[in-house]
Structures are given as C-alpha cells and as structure tokens.
Amino acid sequence: IAEQFRRTVRNTDQADRDLFFERILKNIGQQGSGVLEPGDVNEAGDEYAFGFKGTSENFINLPGPAGVATSINFWGGLGDAAFNLTDEKLRTQDFACTGYDVDDDTTYEFAEGIDILAVPTPVQLKDEFFTYDAKYIRDGSSVVVRRTLKFHTQKAVCTPDDFRRLQPSLQRIIRDLKSQIIVRGT
C-alpha cells in the first residue's frame with residue numbers, strides 16, 4: 001500500500017495539501033491548523049513515511065481532569081489497519097486479508113499548566129497473526145506514543161476460522177488503541 005499513499009500525496013496539488021490537516025481535524029470535530037509533511041513521494045519500494053504536524057485549540061475539555069485519546073486515525077494509519085479488520089462482527093465466508101507492517105509515532109505536546117497524570121501501560125503481543133508493540137514515553141510536557149503493528153499472513157484470503165482465531169488479539173489491540181492519556185488543567 002506504500003505506493004498507493006505516495007501516489008495520492010504526489011497527485012494532490014499544494015493548495016489541497018495545505019488544507020489536508022484542517023480537513024482531518026474537522027472530521028474528528030476539531031478546529032486547528034497544520035501541515036502535511038509528505039515525505040519522499042518519488043521514492044519506490046515497500047515503505048513510505050509521511051506525517052502531520054499541527055495545533056488544535058480545545059482538543060481536550062479543560063479545566064479539570066480529562067482523557068486524551070492516544071489514537072487519532074487521520075488517514076491510513078495503524079488504527080485504520082486494525083479497525084478495518086473489525087468491519088464485520090462475524091465472518092461466514094472467506095475474505096481478503098493481505099498482510100501489512102505499519103508504524104505510528106504520535107507526539108502530544110501539552111501547554112503550560114497542564115499536568116500529565118497518567119499514561120497507558122505498554123503492550124506487547126505476538127501470535128500467529130499479529131505482532132503488536134505500543135510504548136508510551138513521557139518526556140516533560142510531552143508524551144510520545146509509538147506503536148507498530150504487523151499482520152503476518154502468508155495468504156491473500158482468510159477463512160471464517162482464521163477470523164475467529166484472530167479476534168482475541170485483535171480485541172486487545174483495539175483496547176489499546178482506545179487508551180487515553182490522563183491530564184489535568186489548572
């Protein structure tokens with residue numbers, strides 16, 4: 001899928017790139033501004049890295065304690081990869097299930113006067129379908145969320161039995177993706 005993302009970014013004109021982050025924030029009910037860091041859109045190969053950097057006003061409801069989502073599924077990231085496997089609650093027919101290897105690094109920089117009370121517990125998981133690693137690194141007024149997810153399947157089509165067997169690990173990954181950083185504003 002690396003080439004699909006490169007092609008999409010490469011074929012998006014600069015004016016639309018400039019509005020991209022704003023549109024993404026709007027889709028999650030936020031207002032703000034930022035930039036798309038497109039990475040090398042002319043590179044070839046199985047890997048492609050791009051990023052977003054921006055600011056949103058009132059991202060969390062302060063004053064008082066509040067939870068900040070550790071996963072914001074902007075566009076094709078790790079959360080999207082995992083959540084796409086939850087589109088169906090039950091599979092009765094074979095389905096497409098190509099493997100992938102996705103990394104997400106997100107840094108939250110909190111303003112002065114916001115205390116970080118708690119970060120999620122790290123998660124490591126490895127089984128026949130997934131390798132998942134989530135770390136939460138607190139550094140002063142910032143928290144870095146670093147996650148990797150590999151869905152390792154040697155086939156392009158999975159069975160309903162495969163789907164049933166991947167559920168316990170997938171649900172653990174989803175729980176982690178829904179975890180929160182707890183902060184308090186003064």
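Sort through 55, 86, 107, 98 and tell me the only one that's touching a helix residue (DSSP H, G or I) at 6+ places or on another chain (Cβ under 7 Å) and hydroxyl-bearing (Ser, Thr, Tyr). Walk me through it before giving the result.
Values: 55 fails: touching a helix residue (DSSP H, G or I) at 6+ places or on another chain (Cβ under 7 Å); 107 fails: touching a helix residue (DSSP H, G or I) at 6+ places or on another chain (Cβ under 7 Å); 98 fails: touching a helix residue (DSSP H, G or I) at 6+ places or on another chain (Cβ under 7 Å).
Selected residue: 86, the only one of 55, 86, 107, 98 that is touching a helix residue (DSSP H, G or I) at 6+ places or on another chain (Cβ under 7 Å) and hydroxyl-bearing (Ser, Thr, Tyr).
Of all residues in segment 55-67, those that are touching a residue at least 24 places away in the same chain (Cβ under 8 Å) have Cβ atoms under 7 Å from Cβ atoms of residues that are outside any strand (DSSP E or B) and open to solvent by less than 40 Å² (accessible area, probe 1.4 Å), 6 or more apart or on another chain, in 56/25; 56/30; 59/30; 66/60.
Here is a yes/no grid of residues against (1) in contact with a Pro (Cβ under 6 Å, 6 or more places away or on another chain); (2) acidic (Asp, Glu); (3) modelled with pLDDT under 90:
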residue: 78; (1), (2), (3): no, no, yes
residue: 83; (1), (2), (3): no, no, yes
residue: 87; (1), (2), (3): no, yes, yes
residue: 104; (1), (2), (3): no, yes, yes
residue: 107; (1), (2), (3): no, no, yes
residue: 119; (1), (2), (3): no, no, no
residue: 131; (1), (2), (3): no, no, no
residue: 136; (1), (2), (3): yes, no, no
residue: 146; (1), (2), (3): no, no, no
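How many residues are touching a strand residue (DSSP E or B) at 6+ places or on another chain (Cβ under 8 Å) and open to solvent by 40 Å² or more (accessible area, probe 1.4 Å) if we restrict to segment 18-48? Let's see the steps before the verdict.
Restricting attention to segment 18-48, the residues satisfying the condition of being touching a strand residue (DSSP E or B) at 6+ places or on another chain (Cβ under 8 Å) are 18, 20-22, 24-25, 30-37, 39.
Then drop every residue that is not open to solvent by 40 Å² or more (accessible area, probe 1.4 Å), which leaves 18, 20, 22, 31, 33, 35, 37, 39.
The number of residues fulfilling the criteria is 8.
Taking the listed residues 103, 115, 162, 176, the one that is surrounded by 12 or more Cβ atoms within 10 Å (Cβ to Cβ) and under 20 Å from residue 58 (Cα atoms) is 115, with no other qualifying.
Please give the strands (runs of 3 or more DSSP E) falling wholly within segment 71-186 in which 1 or more residues are in contact (Cβ under 8 Å) with a residue 40 or more places away in the chain, more than 20 Å from the chain's Cα centre (by Cα) and under 26 Å from residue 24 (Cα atoms). Steps first, please.
Details: elements: 100-109, 114-118, 123-126, 130-139, 142-151, 180-185.
By residue number, 114-118, 180-185.
Does residue 60 satisfy the condition of being surrounded by 12 or more Cβ atoms within 10 Å (Cβ to Cβ), more than 17 Å from the chain's Cα centre (by Cα), modelled with pLDDT of 80 or more and of a type outside the set (Asp, Glu)?
Values: surrounded by 12 or more Cβ atoms within 10 Å (Cβ to Cβ): yes; more than 17 Å from the chain's Cα centre (by Cα): yes; modelled with pLDDT of 80 or more: no; of a type outside the set (Asp, Glu): yes.
It is false that residue 60 is surrounded by 12 or more Cβ atoms within 10 Å (Cβ to Cβ), more than 17 Å from the chain's Cα centre (by Cα), modelled with pLDDT of 80 or more and of a type outside the set (Asp, Glu).
Every test in (1) open to solvent by 80 Å² or more (accessible area, probe 1.4 Å); (2) within 15 Å of the chain's Cα centre (by Cα) is passed by residue 68 save one, and that test is (1). Checking residue 111 against (1) closer than 21 Å to residue 49 by Cβ; (2) modelled with pLDDT under 90, which single condition isn't satisfied? Only one criterion in (1) closer than 21 Å to residue 49 by Cβ; (2) modelled with pLDDT under 90 is unmet by residue 111, namely (1). List, please: which pairs have Cβ atoms under 9 Å, are six or more places apart or on different chains, and start with a residue in segment 1-22 that is assigned to a helix (DSSP H, G or I) and end with one that is surrounded by 16 or more Cβ atoms within 10 Å (Cβ to Cβ) and charged (D, E, K, R)? Close Cβ pairs satisfying both conditions: none exist. Have a look at 150, 155 and point out the one that is touching a strand residue (DSSP E or B) at 6+ places or on another chain (Cβ under 6 Å) and open to solvent by 60 Å² or more (accessible area, probe 1.4 Å). Among 150, 155, only 150 is touching a strand residue (DSSP E or B) at 6+ places or on another chain (Cβ under 6 Å) and open to solvent by 60 Å² or more (accessible area, probe 1.4 Å).
The values are calculated or read from the model by the stated rules, or taken from the named source; none is laboratory data. Since this is a predicted model, take the numbers as computed values, not measurements. In this analysis, Cβ positions are derived from the backbone assuming ideal geometry, glycine residues included, and neighbour counts consider all displayed protein chains. The accessibility values were calculated without ligands, DNA or RNA, using every heavy atom of the protein model including side chains. Shrake-Rupley method; radii C 1.70, N 1.55, O 1.52, S 1.80 Å.
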